[in-house]
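Computed from the coordinates by the stated procedures, all read-outs in this text should not be read as laboratory data. Model, not experiment: these values are computed from the prediction. Note that each Cβ is placed from the backbone with ideal geometry, even for glycine, and that neighbours are counted across all protein chains shown.
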């Protein structure tokens, strides 16, 4: 199995419909030994069954904005594993108002929260785990097309994802020099997850992507999970600083092929125009 003998940490899993779950399952299916984190007791009730399902009893409390938690995480990993081979960072947050109001109305406080939790957390987490990362290890984070492109309703989270993708490139250089550790990101297409529930008109975004992606579909957590497993494994030993798109090809499109109304119904099909 591709990941046999590998040990990894999954940070930010919410439930069995999250992208982080898809990646964790793909790694576990290929033989990886996993540890998980939870933000609070309410979320621990969701994470514990997932850890058990995937053969793990290692579940750590972690608020990525809490330096004491990060210090304890390093100690816990060293105690339980000695070293780990990979980390999945699946953490992002912005206040609901910052996603529902125009971007121009973003408050300083909302901007700071989004950047701290969605971007700086990757830097802080990577720094925390470097002492217990094996040589040639891998760090993976999750981004979205709303970083390099405008996506309706994504607002401050799009700016945060742009900063996250830039952070991947800078971290890739530092981590390679320190321990030959690779740092990459997956940009997944829209998927019905808990995080996506905060995006306005998400049903229309899903339908638009399905109609206009070259593969004419939306991707699944399993498909993203398999790509994540590749980037975390030795199969991608020559890949770092990259944003890998898993979105049925939607990111290559310069113009949509179909137009849909607010209910997701097709009102214009370019392929049928004479």
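Structure values in brief
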{"item": "Folded to 0 to 90 degrees: helix 19-29 orientation relative to the chain principal axis, Cα", "result": "50"}
{"item": "Spread of Cα-to-Cα distances over 5 Å intervals beginning at zero, given as percent, for segment 113-188", "result": "3, 17, 27, 22, 15, 9, 5, 2, 0"}
{"item": "Within a Gaussian network of the chain (alpha carbon springs, distance under 10 Å), most fluctuating of 17, 217, 45", "result": "45"}
{"item": "Burial ordering of 68, 210, 78, fewest other beta-carbon atoms within 10 Å first", "result": "68, 78, 210"}
{"item": "GNM flexibility winner over the chain from 63, 85, 112 (Cα, springs under 10 Å)", "result": "112"}
{"item": "Helix-only CD estimate at 222 nm, as mean residue ellipticity for the chain, using -39500 (n - 2.57) per DSSP H run (n ≥ 4)", "result": "-12000 deg cm²/dmol"}
{"item": "Reciprocal of mean inverse Cα separation for the chain (Kirkwood radius, Å)", "result": "19.1"}
{"item": "Descending semi-axes in Å of segment 19-144, equivalent ellipsoid built from Cα gyration tensor", "result": "28, 17, 14"}
{"item": "Separation in nanometres of the label points that stand 7 Å from Cα toward Cβ, at residue 63 and residue 237", "result": "4.1"}
{"item": "P(r), alpha carbons of segment 21-85 - 5 Å bins starting at zero, rounded %", "result": "4, 17, 25, 25, 21, 7, 1"}
{"item": "Angle in degrees between helix 67-80 and the longest Cα principal axis of the chain, rounded to the nearest 10", "result": "60"}
{"item": "Stokes-Einstein D for segment 203-242, Kirkwood Rh over Cα pairs, 20 °C, 1.002 mPa s (µm²/s)", "result": "180"}
{"item": "Between 0 and 90°, nearest 10: helix 41-53 axis offset from the chain longest Cα axis", "result": "80"}
{"item": "Coarse-grained scattering of segment 58-120 at q = 0.16, 0.19, 0.26, 0.30 Å⁻¹, given as base-10 log I(q)/I(0) from a Debye sum over alpha-carbon atoms", "result": "-0.64, -0.78, -1.12, -1.29"}
